[in-house]
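Read-outs: derived from the displayed coordinates by stated rules, not from any lab. What you see is a predicted model, and the numbers here were worked out from it, not measured in a lab.
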């Protein structure tokens with residue numbers, strides 16, 4: 001597996017060999033969890049917008 005693909009899986013909190021359904025589900029859950037509109041605190045909102 002390419003190093004780039006492994007990095008994407010790590011970001012999505014998945015193991016090597018994950019199927020497309022797992023990738024889509026993880027992506028959806030992480031985007032909902034880190035969406036800037038979820039945070040009322042401005043500091044956390046800025047952090048979410050930056051991606052960390």
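Would you calculate, for the chain, the mean residue ellipticity at 222 nm contributed by helices, counting each DSSP H stretch of 4 or more residues as -39,500 (n - 2.57) and dividing by all residues, to the nearest 500? Before the final figure, lay out the partial values.
Numbers: 3 runs with 33 residues, N = 52.
For the chain, the value works out to -19000 deg cm²/dmol.
Taking Cα atoms only, the orientation of helix 20-34 departs from the longest principal axis of the chain by about 10 degrees.
I'm spelling it out carefully: the read-out is Cα extents along the principal axes in Å, the candidates are (1) 39, 21, 10; (2) 41, 39, 14; (3) 37, 20, 20, and one was derived from this structure. Which label? Among (1) 39, 21, 10; (2) 41, 39, 14; (3) 37, 20, 20, the one calculated here is (1).
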